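We did not get these values from a lab; they are worked out from the coordinates using the rules stated. All values derive from a computational prediction rather than experimental measurement. With ideal geometry, Cβ positions are generated from the backbone for all residues, glycine too; neighbour counts draw on all protein chains shown.
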Ligand SMILES: [Cu+2]
């Protein structure tokens, strides 16, 4: 059963549409929990307020981590995978029944885990490093969620096979679906690691096996913990390309290179999990350095390709439409009134300048030691996962509401401001956390005054400023997230229906006209922006090495 | 979205054909991705952990009963 979308012309499989909707709804619920947790944590870490008690701090931190990094993102990705493998390919869902089985497993797991955590039976943080032990239902919940997600990923591949067999897609997948496919492959590696690590841990929590080796646990757990964030990166970039096409009619300036960059992710991004073990005594430096630099830089190269290709795609489309003045007219005349566009562009900037630069430097064995286990790491992944992935997912939701839920976006004016609020909030939060980490403030720590401890430590008093900035950024971001949540929930459940193209508040751009210039460089503005990025990276790189040499003096 | 523009119609064939085939073959991509990850990260990592010397008994005792 299909409906033909009167806005996009896609044939939308109704069974698929239902599955996309339900997964998206659960994603939003997870994000709501994560965001409520986040604001409590911000006001606890700031010792002037110190809101939560110590047990509740660790409890909410566990809750926040799981809901933000796993549930919100994976539910959303499953919705995205279904969208990219059915709607975009004009294909029916291969097995709606299994789609529901997958959803029920995931939803069941999600509820079990959150209930266990809130009951105080799993104060183990997201990493649940053994020998910390949670209630067996906590591990079982995670296993169910992972199995459900793996099934969902399998259905994505099933849909691809079906689309190919029915001739809805040629030899090569569209770039958006190809990017999702890379994400799905990384998801398989991630979820297999999850199964390998959580099944024995579950049995151990039941008392069926005596112990789980803690070094082994850390190794395999990070194969899950890190790689899961690389599913996000691949899915996020797929959405960047989609958004460039939807909002300005741009097609990748060189699709083949973009595809190769996704291939590099598939091949080399999961091994970067090693950067979480950079101070681990059980693995050697050779292993650490190989996995976090030599081979991993191929994945960094891929990110750089995408970070250049997506803005270049937008720029070249804009230039072909006639915005050719100077270096940046294309940028000034971009569709900033479209909240999906502004979200994605801001996400690219945040992901590159904050998440990317710190990622390369903190992922290196030598410079990592300055910030390992400090707030700087948290600041780094706020830059990647929140500014990058979450903001991107928020942005594309503005298309999902009218196209999949067939509802108008309520408070559309507010929706235009929302990405900016969220961006600046998280950017300030993230940079302040990075600064705090550089002054040695530890992460995952309830009381950095160390009251009652047998030692004392005085931080540089300047950190007071960064705490205030962090709280300020946190509050602004909280408002941005809350506005997004309200817009989404009210639109989807109470909003006016979209009855035809006249109710569509965004736009779907015509493909930009073909280029007519011969050898002119198509994206000079992006090139200049990339050079600025390079300079920022080198400066921060240099500063960190300089600093390292000051900390570890060699004579 | 357009099809892949870079086809295998020009001169230097075999390498390009392989890459092109790989990009269109997601099961092969999955297998290669798994192999790299399993060898470079998991198996090598586990070998390193297995090779770690256990903590000498005297030190263990002093740590456990200070
Ligand atoms: Cu990581």
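General remarks:
- Helical runs (DSSP H, four residues minimum) scored at -39500 (n - 2.57) apiece and divided by the length of the protein assembly as shown put the mean residue ellipticity at 222 nm at -21000 deg cm²/dmol.
- Calculated FRET value between residue A:298 and residue A:416, using beta carbons and R₀ = 35 Å, to 0.05: 0.35
- For segment B:18-64, the Cα gyration tensor yields ellipsoid semi-axes of 44, 8, 5 Å (square root of five times each eigenvalue, largest first, whole Å).
- Square roots of five times the Cα gyration tensor eigenvalues for chain A, Å: 36, 29, 23
- Segment A:335-512: relative contact order in percent, alpha carbon pairs under 8 Å with at least 6 residues between: 30
- Distance between the 7 Å Cα→Cβ label points at residue A:503 and residue A:195: 4.3 nm.
- Förster radius 22 Å - calculated FRET efficiency between residue A:47 and residue A:458, Cβ distance, rounded to 0.05: 0.95
- Relative exposure of A:457, A:372, A:275, judged by other C-beta atoms within 10 Å (fewest first): A:457, A:372, A:275
- For A:266-279, mean number of other protein chain Cβ atoms within 10 Å: 4
- Gain on full stretching of the segment that runs from residue A:121 to residue A:254 - 0.36 nm per residue minus C-alpha separation: 42.8 nm
- Burial ordering of A:534, A:394, fewest other beta-carbon atoms within 10 Å first: A:534, A:394
- For segment A:256-277 and segment A:296-372, distance of Cα centres in Å: 17
- Centroid-to-centroid separation of segment A:40-86 and segment A:526-555 [C-alpha atoms, Å]: 31
- Note on B:47, A:463: ascending count of other Cβ atoms within 10 Å places them as B:47, A:463, the fewest first.
- Normalising the average separation of contacting C-alpha pairs (under 8 angstrom, six or more residues apart) by the number of residues puts the relative contact order of segment A:1-170 at 27 percent.
- Relative contact order (%) - chain A, alpha-carbon pairs under 8 angstrom, separation at least six: 15
- Straightening the chain between residue A:366 and residue A:546 buys 63.6 nm, computed as 0.36 nm per residue apart minus the Cα-Cα spacing.
- Per the Debye formula on identical point scatterers at the alpha carbon atoms of segment A:1-170, with no solvent, log10 I(q)/I(0) at q = 0.13, 0.19, 0.20 Å⁻¹ is -0.68, -1.08, -1.15.
- Full extension of the chain segment joining residue A:111 with residue A:531 gains 146.5 nm, where the gain is 0.36 nm per residue of separation less the Cα-Cα distance.
- Residues residue B:17 and residue B:62, FRET efficiency given R0 of 60 Å [Cβ-Cβ distance, rounded to 0.05]: 0.40
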